[in-house]
Structures are given as C-alpha cells and as structure tokens.
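In what follows, a single structure is set out as structure tokens and then discussed.
The values are calculated or read from the model by the stated rules, or taken from the named source; none is laboratory data. Just so we're clear, the structure is a prediction, and the values are computed from it rather than from any experiment. We place every Cβ from the backbone using ideal geometry, glycine too, and count neighbours over all the protein chains shown. For accessibility, only protein heavy atoms count, side chains too; no ligands or nucleic acids. Shrake-Rupley method; radii C 1.70, N 1.55, O 1.52, S 1.80 Å.
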Amino acid sequence: MDQRHALRVRRSVLAGALALALAPAAAHAQFTQPPPPAAYALRNVTVVQADGSVQAGQTLIVRRDRIETIARGAAIPADARVLGGDTLYVYPGFVDAAGTIEFEFPRDTTDRSQLRSWDPPRGLQGFTPSRRVLDHMTAVGADGAELRKQGIVAVAAHPDLTQPLMTGRGVLVLLRPDAASPQELVLQPELAPLMTLRGSRGMYPSTAMGVMAWYRQTFLDAQRNNLLTENGGTTGPSVGFDPDMSIVQEVLRAQRRVYFVANDANEIRRVLTLADEFRFRPVIVGGTEAWQLADELKAKDVPVLVSVDFAKPRRWKPDAKPAEGADTVALEPAAAREKKELEAAYANAGRLARAGVTFALVSGGKGTLRDGVLKTIEHGLSEADALRAMTATPAALLDVAPLARVQQGGGATFIVTDRPVLNKDARVLYTFVDGVLEKGADATREQPADSASGDAANVAGTWSVEVLAPEAQTFTMKLTQDGATVSGTMEGPEGSIPVSGTVEGNRLTLNATLVAGGRSIPLELSGQINGDRATGKVDTPMGAFDWEARRTGPGAQR
C-alpha cells in the first residue's frame with residue numbers, strides 16, 4: 001500500500017479503529033492510548049455512602065481528580081463522556097487495611113551453621129522494625145488491576161504477617177491505574193510497625209514464653225534509652241543511634257499504635273497485657289477469636305482488623321446433604337470440631353459489631369476481600385456494618401477518612417457497580433482512583449431491556465460516533481428502524497458504507513464491510529443504548545475498540 005493510499009485509509013470512515021492496524025510503525029510508537037476526556041458523566045445513579053445513606057437518581061460529573069457535581073437532574077457538560085450501563089450504583093472504594101502489594105525484602109545470607117542460637121543476628125531473629133516496605137516495593141499501577149476489580153482502591157501493605165517479632169513497617173498505597181512507578185502509588189510512606197507473637201526458628205526466642213520475655217526485655221531497654229536521652233542526654237551517658245531500637249522508643253514515648261498479629265484468645269490476651277504494661281496502643285490484626293474478648297476490646301478501645309482469609313474446610317463438607325430420612329448431616333468428631341471452629345470464625349465480625357468493638361474487614365494479605373465478607377454476612381454481620389468495615393472504619397484508622405466519602409467537591413475515588421455491592425452477583429463496572437477511570441466488567445452486556453415490555457429501544461436518527469482507538473476520530477451514523485431491524489449508513493470524509501443489524505431491548509448490533517487497499521474488512525459494532533447516548537465495542541480483524549455515540553438529530557423510525 002503506498003503512502004497516499006494509506007493516508008486516505010487513515011482519514012476514512014472507521015479511521016479511529018483502522019488507523020491502529022494500517023498506520024506506519026511510527027504511529028504505534030507515538031500513540032499508546034487516546035487522551036482522556038475532559039470530564040466523565042454518570043447518569044441516574046444511586047449513590048450509597050459508607051454509613052449506608054442513599055441518594056437515588058443522581059447525575060455525577062467527574063472532572064480531573066474531583067467530583068464536580070452530584071445532583072438530581074444536573075446538566076451533563078458538552079465535553080463529558082457519558083459512561084454506559086443501567087441501574088448503576090456508586091460506592092466509596094474499599095480500603096484493605098491489611099492487604100498485599102508487590103514487594104520483597106532482601107534475604108538474609110548469614111551462614112546458619114556459624115550462629116549462636118542464643119544470640120542471633122537481628123535479620124534472622126526478626127527484629128528489624130526500621131525496615132520499610134516502601135523501600136522494597138516493585139508494584140506499579142497495572143499490578144493493582146485484580147484488586148480494583150474487587151472494588152479495592154487502597155491497600156495498607158504490611159510485612160509478612162507470619163514472620164517473627166518485628167520485621168518492619170508497612171506502606172499505604174492508593175491503587176492509581178496510571179502509576180508508572182511504585183512511588184506514584186504511595187499515600188503514606190510509613191505505617192506503624194508490625195509485631196507478631198511468632199517465635200524465631202531454631203534460635204532465641206522460639207517459644208511462646210521466650211517471645212513474651214523478649215518483648216518485655218526489648219520494651220524495658222527502650223524505656224531506659226528514652227530516660228537516658230531525655231533533656232538532651234543530661235540525665236545519663238549518651239546512647240548511640242540504633243535505627244531499630246529508635247522505632248520501639250518512639251512507640252513507647254508517644255504511646256503510639258502498633259499493629260499486632262494475634263488470632264486466638266490467648267494471643268490477644270498477651271497483647272493486651274503487654275499494652276497495659278508498656279502503654280502502647282495495639283491494633284489487633286487477624287483476630288479470629290476476638291469475639292471472646294469483645295467486652296475488654298471495647299472497654300480498652302482496641303480496634304481489630306478482622307481477616308476474612310478463612311481456612312478452607314478439610315474434614316467438614318458444608319455442602320453435604322443429609323442421608324435419606326435424616327434431618328442433619330452426621331459428622332465425625334473431627335469434622336464436628338472443625339465446623340464449630342469455622343462457623344465461629346465466620347460469625348466473629350457480627351459478634352464484634354453487636355458488642356460495639358471498632359473493627360475493619362481485611363484480606364489478611366491474600367487480596368480476596370469480598371468473598372470472605374459475604375461469608376461474614378451469611379453468619380450474622382449486617383450489610384451496613386460490613387460496608388462500614390470495608391470503607392469508613394479502615395479509612396479512619398489509617399487517617400485517610402475523606403477517601404471513604406463520595407461528595408461534591410471531594411476526590412474522585414469510588415467504584416460503580418451494576419447491583420448493590422454486597423449482592424453476590426454484583427460486578428464492578430468502573431473504578432475511579434484520583435479521577436483516573438478503569439473499566440472492569442463489561443458495562444454494555446447483560447443489561448435489562450429499555451422498558452418493562454422488553455420492546456426494542458429507539459435507535460433511529462443521526463448519531464455522532466467516536467471510536468476510541470489510539471487515533472480516535474469521529475464519524476456520522478444515520479439509522480432507520482423497522483421494529484427490531486436497523487439499517488443505515490456510516491459516513492466519513494470520503495463517502496459512506498451501508499450498515500445493517502438488529503436491536504434487542506437496549507442492545508444494538510450492526511455489521512458493515514469496509515473495502516480498503518483491495519481488501520474487504522468486516523466490522524461488527526455492538527453496544528448499549530441509553531436514550532440519546534450509546535457505548536460499546538467495534539470488532540475488527542485487527543482487534544476490538546471502544547466506541548461512544550451521541551444522537552444529534554431525529555431519524556425515520558417506521
């Protein structure tokens with residue numbers, strides 16, 4: 001194909017889609033995605049706040065990183081791209097206060113055969129609170145796509161919850177889809193240190209008694225160092241700077257919060273005892289049996305990050321059916337014990353809610369938040385309490401409370417679903433993070449018909465269509481309609497081609513053939529009609545591209 005003919009093709013009817021495939025290689029290097037529109041619009045949505053309050057029938061406008069408008073019947077700006085989908089719900093995004101991102105601490109290469117088990121190096125022992133996840137992050141925006149599909153927009157990533165003692169401090173990230181470096185994700189570079197009651201393998205402290213003794217000695221040493229350095233060190237000999245001990249000193253000096261991993265009731269009691277003795281403020285992470293100490297947790301104002309990373313049943317078969325003639329499934333003793341333990345774990349969050357304990361629901365570092373939350377709802381947690389525990393409560397604990405609000409003038413970070421978000425069939429259609437849009441589930445499929453009767457939507461008229469390929473361009477489509485049958489033309493600078501297809505409910509499908517360079521190129525344009533707006537995809541032999549359309553004039557519907 002010569003350059004003049006290539007130029008004509010690029011200016012033709014479907015230039016937006018076909019330019020990507022037919023343009024020279026230089027064009028591919030120059031354009032990777034179309035520029036975002038000046039604004040986005042969501043029409044007739046139901047806004048649900050973290051406290052469960054509902055605003056139905058709202059128009060929501062996003063401009064740059066802010067929510068410009070939330071109002072019933074608000075006018076849609078001419079420069080706004082209207083996002084498709086019927087019966088849409090807008091929620092604050094989920095904040096996973098004990099989640100996961102990509103990072104890796106360096107491995108300790110110490111020769112273990114040369115160690116004295118009673119005096120191990122800190123790296124192997126697990127006493128490295130000065131180490132930061134931030135300094136070892138590798139995640140960028142694209143790595144958070146699976147989390148955003150679950151509705152998660154922010155993650156507090158701590159060191160490994162299964163490692164001994166104090167392995168470091170976490171980081172709070174906002175999952176911006178367009179972040180090109182780990183640093184662009186960071187909301188808070190340092191979180192409080194993470195502590196566990198797990199012993200060190202093959203070295204001191206390795207037992208539960210040893211771990212408690214180690215903590216007491218470490219805290220006493222930190223208290224002594226604080227006394228020695230008071231008033232510029234005038235009360236005693238100077239203390240050299242110790243980056244790990246300085247973190248512990250700061251926790252005790254300022255009575256700050258720490259994250260303390262504890263699951264069974266005895267572990268939680270040990271943490272509360274240490275906190276009372278040394279006057280720090282724990283946040284319990286995991287908290288499987290926190291319900292057994294609900295009154296004490298409430299009285300001491302100790303929050304719990306309840307992990308919903310539940311163990312999978314091994315002996316108990318939850319889906320087993322009773323034998324013929326029996327009312328219940330007969331269980332072996334081991335299966336019965338497992339059933340009791342798991343059902344208590346599922347019911348933990350509901351019991352904490354009823355006791356008034358502050359708690360958030362977290363993935364526990366596994367990144368599977370929503371499925372576990374649905375399990376807690378099945379076992380007594382209200383949907384209102386669950387929503388609060390995934391949004392407002394973790395945001396408040398992490399000092400980013402505005403992140404859990406959807407409000408005019410506020411930040412454009414929220415999710416859009418096709419059903420109430422805690423419906424088991426709900427899908428996240430769109431995620432906004434700092435005004436950056438990412439599409440999730442296909443907003444144009446499996447949507448209800450235009451009317452209760454299921455009649456075909458009216459698509460007749462003149463439409464301005466924009467294909468959102470790397471070289472996005474606009475063309476005109478003129479359609480006539482006879483019931484469910486649609487025909488018309490696509491018109492560009494160099495003429496028009498015929499189109500034909502069908503409309504079923506709100507679903508439009510059109511087919512056309514473009515002849516270019518001696519080749520016949522089949523095209524299928526499908527999408528969703530929403531009044532005078534439409535969105536969808538155009539499938540070509542070179543790939544699929546999004547399109548959007550706006551009806552600009554009446555047509556001849558027969």
message: I want to confirm something. Restricting to segment 510-531 and keeping residues that are open to solvent by 40 Å² or more (accessible area, probe 1.4 Å) and outside any loop (DSSP other than H, G, I, E, B), which single residue is modelled with the highest pLDDT?
response: ASN511
message: GLY461 - would you say it is at pLDDT 80 or above and either open to solvent by less than 50 Å² (accessible area, probe 1.4 Å) or touching an Asp or Glu at 6+ places or on another chain (Cβ under 9 Å) (or both)?
response: yes
- prompt: Does segment 170-182 include one or more residues that are under 22 Å from VAL133 (Cβ atoms), open to solvent by 70 Å² or more (accessible area, probe 1.4 Å) and in contact with a Gly (Cβ under 8 Å, 6 or more places away or on another chain)?
  reply: yes
- line: Checking LYS317, LYS339, LYS321 in turn, the sole residue that is more than 28 Å from ALA299 (Cβ to Cβ), in contact with a Leu (Cβ under 8 Å, 6 or more places away or on another chain) and either free of Cβ contacts under 8 Å to residues at least 40 places away in the same chain or of a type in the set (Gly, Ala, Ser) (or both) turns out to be LYS339
query: With GLY365, GLY372 as the choices, which residue is within 30 Å of GLY144 (Cβ to Cβ), touching a residue at least 24 places away in the same chain (Cβ under 8 Å) and in contact with a His (Cβ under 8 Å, 6 or more places away or on another chain)?
result: GLY365
- prompt: Taking segment 188-230 on its own, how many of its residues are among the aliphatic types (A, V, I, L, M), under 21 Å from VAL251 (Cα atoms) and either touching a Lys or Arg at 6+ places or on another chain (Cβ under 9 Å) or open to solvent by 30 Å² or more (accessible area, probe 1.4 Å) (or both)?
  reply: 10
- request: Name the single residue, out of those in segment 247-275 being open to solvent by 70 Å² or more (accessible area, probe 1.4 Å) and not in a helix (DSSP H, G or I), that is modelled with the lowest pLDDT.
  value: GLN255
- request: Would you please list the contacts, defined by Cβ atoms under 7 Å and residues six or more apart or on different chains, that run from a residue in segment 473-488 that is under 11 Å from VAL459 (Cβ atoms) to a residue that is in a strand (DSSP E or B) and aromatic (Phe, Trp, Tyr)?
  value: MET477/TRP463; LEU479/TRP463
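Conditions tested, residue by residue: (1) of a type outside the set (A, V, I, L, M); (2) within 17 Å of ALA156 (Cβ to Cβ).
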site	(1), (2)
GLY350	yes, no
VAL357	no, no
ALA360	no, yes
LYS366	yes, yes
ALA395	no, yes
task: Considering each of ASP244, ASP143, ASP221 in turn, give the residue that is acidic (Asp, Glu), at pLDDT 90 or above and touching a Pro at 6+ places or on another chain (Cβ under 8 Å).
output: ASP244
- line: Checked VAL48, VAL54, VAL82 against criteria (open to solvent by 30 Å² or more (accessible area, probe 1.4 Å) and either among the β-branched types (Val, Ile, Thr) or out of contact with any Cys (no Cβ under 7 Å at 6 or more places or on another chain) (or both)); the one match is VAL54
Residues being in a loop (DSSP other than H, G, I, E, B), in contact with a Ser or Thr (Cβ under 8 Å, 6 or more places away or on another chain) and either aromatic (Phe, Trp, Tyr) or open to solvent by 30 Å² or more (accessible area, probe 1.4 Å) (or both) - total across segment 343-364: 1
message: I'm trying to understand the selection: among the residues of segment 328-342, which are open to solvent by less than 60 Å² (accessible area, probe 1.4 Å) and part of a helix (DSSP H, G or I)?
response: ALA334, ALA335, ALA336, GLU338, LEU342
